[in-house]
Amino acid sequence: SSTMIASVISKILPNRMRTFAQFIIRNICEETDPLLHYKVRPVLSISHGMGCLLSIMLHELIKWLLPTPGCRDVVLFRIGTSGGIGLAPGTVVITDKAVDSFFRPQFEQVVLERAPACSAELSGFPTVIGNTMCTHDFYEGQGRLDGALCSFSTEEKLEYLRKAHEAGVRNIEMESTVFAAMCRVCNLKAAVICVTLLNRFEGDQISTPHDVLVEYQSRPQCLVAHFIKKRLGLIA
Ligand code: URA
């Protein structure tokens, strides 16, 4: 009967659509497109690849997408990974201020609205609000001793991290300043939410097993998904 056919189709199609979408992504996008993106209803998820591509992605996004009819009340999230300062690995840091390597605030969080409230509602992982230090370098720039170059001692490194902690810095990454700056200038609501992969007081190398890292990386996504569902009225 037509009902039966409809029911079979509805069971097969979503699967087939997903398979086809993944096939197309593998064949058309993945090899050539550094800015892989997915759109699910009003949610656009873009992977910018290397940090230096973030500003290109933001320029393209803001230039082409935002003026599209129907595109309004936009909120941008940067979700990513970071090195924690004095936090257990796996802690999610919601950025209050993005600061430079002298701990000087570069940009305040544009708008977080209910993101902190969302985090309180989500159990299962620790979440804090703190300053995020944004650097131009992963090694010396973040006080690491294990790069090709290192011009300071272990004691100087720890002293630097202590000073950062006193200044309210809770994590270090490499994208928050450009993200916050562009959103601020373009008057877009935005939030930076990164999970910490290690506690920098305890080391420089990320030695956490892969499956644990994968779970950690899902944490900012959970928080943002919760925020989006609330925003869309899908949950109370
Ligand atoms: N990203 C960074 O920039 N630093 C870290 O320590 C981890 C992720």
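The values are calculated or read from the model by the stated rules, or taken from the named source; none is laboratory data. Note that the coordinates shown come from a computational prediction; the quantities given were computed from them, not determined experimentally. Every residue, glycine among them, receives a Cβ derived from its backbone with ideal geometry; neighbour counts consider all protein chains shown. To get the accessible areas, we keep the full protein, side chains included, count just its heavy atoms, and leave off ligands, DNA and RNA. Shrake-Rupley method; radii C 1.70, N 1.55, O 1.52, S 1.80 Å.
A few notes on this one:
- Beta carbons closer than 6 Å, at least 6 apart along the sequence or on distinct chains, pair a first residue in the stretch 135-161 that is touching a residue at least 60 places away in the same chain (Cβ under 8 Å) with a second that is within 14 Å of the ligand (Cβ to nearest atom) and acidic (Asp, Glu) for Arg144/Asp204.
- Top-ranked residue in the stretch 202-219 [being within 12 Å of the ligand (Cβ to nearest atom) and touching a residue at least 12 places away in the same chain (Cβ under 8 Å); ranked as nearest to Glu155 (Cα to Cα)]: Asp204
- Matching residues, the stretch 81-103, being outside any loop (DSSP other than H, G, I, E, B) and open to solvent by 20 Å² or more (accessible area, probe 1.4 Å): Thr81, Asp96, Lys97
- Check on Val43, under 28 Å from Asp96 (Cβ atoms) and either at pLDDT below 75 or more than 16 Å from the ligand (Cβ to nearest atom) (or both): yes
- Inside the stretch 138-196, residues that are of a type in the set (S, T, N, Q), within 16 Å of the ligand (Cβ to nearest atom) and modelled with pLDDT under 95 make up a count of 2.
- Sole exception among (1) of a type in the set (Ser, Thr, Tyr); (2) modelled with pLDDT of 80 or more; (3) loosely packed, with under 15 Cβ neighbours inside 10 Å; (4) within 21 Å of Cys222 (Cα to Cα) for Thr68, by number: (4)
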